[in-house]
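Q: Pasting a structure below so you can have a look.
The values are calculated or read from the model by the stated rules, or taken from the named source; none is laboratory data. Quick caveat: nothing in here was measured; it's all calculated off a predicted structure. Glycine also receives a Cβ, built like all others from the backbone with ideal geometry; neighbour counts cover every protein chain displayed.
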Amino acid sequence: MLSTKGQRLVESASKMTGQARRLLDDKLEEVGEKLGRKEQRLAEVERRLALLQQAEVEVGWVVTCLKHFDKVWETLTAQNRALPAPDIQVAVLGLESVDGVEPISERALRGVAHAGAWAKQRAVWGSLTKELSCQVGHARATHRGGSDAWTASAG
């Protein structure tokens with residue numbers, strides 16, 4: 001039905017002459033330019049849609065990795081695995097030495113870092129800081145002379 005109407009319009013247009021023909025040609029040229037711009041816009045929208053679909057696939061991959069981070073942890077290099085969790089790093093930086101003596105040894109901290117995934121590190125760190133708190137309390141109770149300020153702000 002549409003093609004029949006289109007054929008009739010073409011036949012009518014071919015019979016036009018003079019001013020009517022020029023107006024029709026101008027209008028067809030204008031419509032052709034608009035169509036070209038719309039086709040360019042459609043191509044741009046399709047390109048962006050493809051990028052969004054690709055991003056959606058990548059987001060899905062990241063979500064899956066995060067759900068299974070313990071498995072991802074095993075694929076990290078030893079150097080990356082040896083880093084303590086960020087919150088543990090902050091807590092260590094907050095520890096203060098007394099008379100040049102550090103409240104936690106490097107060896108003990110390595111034990112935390114080598115515990116594995118951050119959740120395991122936090123469990124080891126929690127045990128270590130609990131032990132450290134007991135030692136600090138004992139040191140304060142038995143400390144004679146000098147400063148009473150040995151603090152361990154290991155959140």
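Q: I'd like to verify a number: residues in the range 124-141 that are aliphatic (A, V, I, L, M), loosely packed, with under 14 Cβ neighbours inside 10 Å and modelled with pLDDT of 55 or more, how many?
A: Filtering the range 124-141 down to residues aliphatic (A, V, I, L, M) leaves 124, 128, 132, 136, 139, 141.
Retained after the next criterion (residues that are loosely packed, with under 14 Cβ neighbours inside 10 Å): 141.
Applying the additional criterion that residues be modelled with pLDDT of 55 or more yields none.
Number satisfying all stated conditions: 0.
Yes/no matrix, rows are residues, columns are (1) modelled with pLDDT under 80; (2) among the polar types (S, T, N, Q); (3) exposed (fewer than 10 other Cβ atoms within 10 Å of the Cβ); (4) over 21 Å from the mean Cα position of the chain (by Cα):
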residue: Gly36; (1), (2), (3), (4): no, no, no, yes
residue: Gln40; (1), (2), (3), (4): no, yes, no, yes
residue: Val45; (1), (2), (3), (4): no, no, no, yes
residue: Ala50; (1), (2), (3), (4): no, no, no, no
residue: Leu76; (1), (2), (3), (4): yes, no, no, no
